[in-house]
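A short worksheet on the structure shown next.
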Amino acid sequence: MITIKNESQIEKMRKAGVLLHDVLEALRREIEPGVTTLHLDQLAEKLIRQAGAIPSFKGFEGFPFSICASVDDQVVHGFSNKKPLRKGQLLSVDCGCILDGWQSDSAFSVLVGGGSKEAQQLVDVTERCFWLGAQQAVAGNHLGDIGHAIQTYAESFGYGVIRDLCGHGIGTEMHEDPNVPNYGRAGRGVKLEAGMTIAIEPMISAGTWKVYQEDDGWTVVTRDGSLCSHYEHTLLITDGEPEILSYPGMKVSEVLR
Ligand code: MG
Ligand code: MG
């Protein structure tokens with residue numbers, strides 16, 4: 001069932017989004033060669049709890065960390081560890097929090113200390129995929145319009161769009177209806193309505209879209225070992241531009257200008 005949020009619920013999701021944005025920006029500033037993902041994980045948990053919120057990933061279906069830290073060919077759900085990050089690695093950080101019962105979910109990717117032109121292009125295209133998808137996230141459009149926009153742009157670079165995982169509705173639960181795939185046909189699927197809140201999260205591979213899960217039961221990796229990038233925000237559907245709840249003040253039209 002897809003829920004429509006009322007103004008007071010949306011206001012709570014806004015607050016969760018502001019907190020999550022601040023946490024992710026704090027993590028982003030820490031990322032450099034030599035830093036460990038475990039450090040980032042612990043910092044995220046500390047900042048979230050200090051704000052009176054709960055790290056939503058920790059304990060979710062048994063997941064042991066507050067962030068997903070996925071490096072290079074790891075797509076999502078990577079475990080944090082004590083290995084120092086190396087220059088040029090592609091790190092994706094995904095995090096979620098619950099504030100006053102309401103959820104926010106957001107992810108970004110970055111090249112540790114900078115990296116190759118090819119890898120930077122993958123990161124940039126994945127981010128733009130999000131914004132092109134978000135541009136379609138308007139009341140009256142269909143879910144397929146979002147996936148179609150993401151897929152068309154990613155595939156124009158010869159990249160793979162991960163199919164096994166997708167975006168989702170979000171509210172009091174991290175994963176609510178509907179699923180929000182990063183591929184699809186324009187005009188198909190659920191019709192979007194003002195008050196729906198969804199997370200759009202393209203996962204784009206430099207090679208194949210096919211993935212497998214590692215023995216830890218969580219980490220998802222590209223089958224051909226190619227690099228993968230991830231970018232995500234929680235947003236509110238309106239009759240006009242969506243409101244990017246986990247990127248307060250940022251407008252789709254500004255990014256795509
Ligand atoms: Mg996420
Ligand atoms: Mg998500």
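Starting from residues that are in contact with an Asp or Glu (Cβ under 6 Å, 6 or more places away or on another chain) and aliphatic (A, V, I, L, M), keep the ones in the range 175-203 and report whichever is nearest to ligand 1 (Cβ to nearest atom).
199
Any residue that is over 22 Å from residue 4 (Cα atoms), exposed (fewer than 14 other Cβ atoms within 10 Å of the Cβ) and at pLDDT 95 or above - is there at least one of those in the range 187-208?
No, there is no match, as no residue in the range 187-208 is over 22 Å from residue 4 (Cα atoms), exposed (fewer than 14 other Cβ atoms within 10 Å of the Cβ) and at pLDDT 95 or above.
Do you know which residues across the range 99-127 are open to solvent by 40 Å² or more (accessible area, probe 1.4 Å) and either at pLDDT below 95 or within 15 Å of ligand 1 (Cβ to nearest atom) (or both)?
127
If you check residue 58 against the conditions, is it more than 29 Å from residue 207 (Cβ to Cβ), surrounded by fewer than 22 Cβ atoms within 10 Å (Cβ to Cβ) and touching a Leu at 6+ places or on another chain (Cβ under 6 Å)?
no
Give me the residue from the range 209-235 that is open to solvent by less than 10 Å² (accessible area, probe 1.4 Å) and more than 16 Å from ligand 1 (Cβ to nearest atom) and, out of that set, nearest to residue 95 (Cα to Cα).
Out of the qualifying residues, it is 221.
For residue 173, which of the numbered conditions (1) open to solvent by less than 20 Å² (accessible area, probe 1.4 Å); (2) within 21 Å of residue 94 (Cα to Cα); (3) not polar (S, T, N, Q) fails to hold?
Evaluating residue 173 over (1) open to solvent by less than 20 Å² (accessible area, probe 1.4 Å); (2) within 21 Å of residue 94 (Cα to Cα); (3) not polar (S, T, N, Q) leaves (1) as the failure.
Have a look at 257, 188, 163 and point out the one that is charged (D, E, K, R), within 16 Å of ligand 2 (Cβ to nearest atom) and in a loop (DSSP other than H, G, I, E, B).
Checking each option against the conditions leaves just 163.
The values are calculated or read from the model by the stated rules, or taken from the named source; none is laboratory data. The structure displayed is predicted, hence computed values, not measured ones. FYI the Cβ positions are ideal-geometry reconstructions off the backbone, even for glycines, and counts take in every protein chain you see. We work out accessible area using only protein heavy atoms, side chains counted, and drop any ligands, DNA or RNA first. Shrake-Rupley method; radii C 1.70, N 1.55, O 1.52, S 1.80 Å.
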